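I have placed the structure first, in the form of structure tokens, so that the comments after it can refer back to it.
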Amino acid sequence: MKILISVDIEGVAGVYHAQQVRAGNPEYERARRLMTEEANAAIAGAFDTGAGEVLVNDSHGDFRNLLPDVLDPRAQVIQGKPRYLSMAAGAELGVAGMCMVGYHSRAGGRGILAHTINSFAFARIEFNGEPMSEAGLYGALAGEYGVPVLMASGDDVFIEENRALFPQAVFVQTKQATGQNSGVSLSPAKACEAIRKGVAAGVGQRAGAKPLRIEAPLQVTLHTQTPALADLFCQWPTFQRLDAMVLGFGAPSVEAAVRMLNCCSAMSAMLR
Ligand SMILES: [Zn+2]
């Protein structure tokens with residue numbers, strides 16, 4: 001049995017501020033180690049419940065945060081970008097389930113470091129009128145490959161937003177949000193203990209877990225952070241301008257929608 005663990009950083013215990021999640025800041029070096037330790041806890045939990053193989057997907061920023069020399073050597077790590085499946089890369093490799101570690105709530109929410117894909121560019125993403133978080137987007141992308149989400153960790157707002165999407169998953173709360181940049185966190189050691197147990201329990205219950213399915217073709221609505229970003233994205237000829245900061249497009253699958261969104265995210269670098 002092969003298990004995929006996708007690891008982001010904003011939901012990791014002890015992380016609250018943008019300086020902790022961006023390379024080039026001294027605090028980032030410590031935060032990426034905390035992220036790697038939570039990944040190791042998840043890897044251990046998967047092996048505790050009989051995984052024969054574990055793939056770890058580095059799912060934050062430029063996708064090269066996890067410290068390969070500190071990672072549990074039993075796992076293999078997926079790093080670097082661009083890549084088609086982004087935070088869900090590895091779902092195409094015959095895995096039995098996906099665990100989401102260090103995830104966060106969506107843009108516009110009250111969670112710690114809440115955003116969706118790109119905080120500079122995207123204010124809100126909807127699929128068929130429903131607001132989507134990164135967990136929803138990439139859980140649905142894994143779902144297209146028949147892969148269920150078995151476990152997820154992050155702050156309380158993240159859990160509240162996403163529990164209904166993955167009713168069979170085990171959720172682990174690492175922090176309680178009191179604002180975008182403040183909260184109450186478990187110690188890293190306690191968070192790792194809880195993540196190891198949560199992954200073990202989630203993988204143990206995989207027989208009852210269903211992949212998240214979003215019916216395709218689907219309609220995507222994208223709210224941008226500025227009108228200039230909407231001007232830029234609407235250079236794409238199939239995008240419709242719905243308002244100064246709102247555009248829409250149709251997509252034949254979740255994978256196509258996610259890839260188009262990640263293209264917009266990459267284009268937005270031009271306006272930074
Ligand atoms: Zn991130």
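Descriptive notes on the structure:
- Wholly enclosed strands (runs of 3 or more DSSP E) of region 48-157 bearing at least 1 residues at pLDDT 95 or above and over 16 Å from Val7 (Cβ atoms): 53-58, 122-127
- Region 19-43 - residue that is of a type in the set (A, V, I, L, M, F, W, C) and in contact with a Leu (Cβ under 7 Å, 6 or more places away or on another chain) and, of those, nearest to the ligand (Cβ to nearest atom): Val21
- Exactly one residue out of Val101, Val95, Val54 is surrounded by 21 or more Cβ atoms within 10 Å (Cβ to Cβ) and under 20 Å from Phe158 (Cα atoms), and it is Val101.
- Residue count, region 57-97 (criterion: more than 13 Å from the chain's Cα centre (by Cα) and of a type in the set (Ser, Thr, Tyr)): 1
- Of everything listed in (1) more than 15 Å from Tyr103 (Cα to Cα); (2) touching a helix residue (DSSP H, G or I) at 6+ places or on another chain (Cβ under 6 Å), the single unmet condition for Ser59 is (1).
- Matching residues in region 158-179 - criterion: being among the charged types (D, E, K, R) and in a strand (DSSP E or B): Lys175
- Between Lys210, Lys197, the distinction of being outside any strand (DSSP E or B), away from the ligand (no atom under 16 Å from the Cβ) and in contact with an Asp or Glu (Cβ under 9 Å, 6 or more places away or on another chain) belongs to Lys197 only.
- Selection count, region 228-246, where residues are in contact with a Cys (Cβ under 6 Å, 6 or more places away or on another chain), of a type in the set (D, E, K, R) and under 17 Å from Arg272 (Cα atoms): 0
Yes/no matrix, rows are residues, columns are (1) crowded, with 18+ Cβ neighbours inside 10 Å; (2) among the aliphatic types (A, V, I, L, M); (3) modelled with pLDDT of 95 or more:
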residue	(1), (2), (3)
Leu186	yes, yes, yes
Leu212	yes, yes, yes
Glu215	no, no, no
Leu247	yes, yes, yes
Val254	yes, yes, yes
Arg259	no, no, yes
Ala266	no, yes, yes
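The values are calculated or read from the model by the stated rules, or taken from the named source; none is laboratory data. Model, not experiment: these values are computed from the prediction. Every residue, glycine as well, gets a Cβ built from its backbone with ideal geometry; the counts of neighbours run over all protein chains shown.
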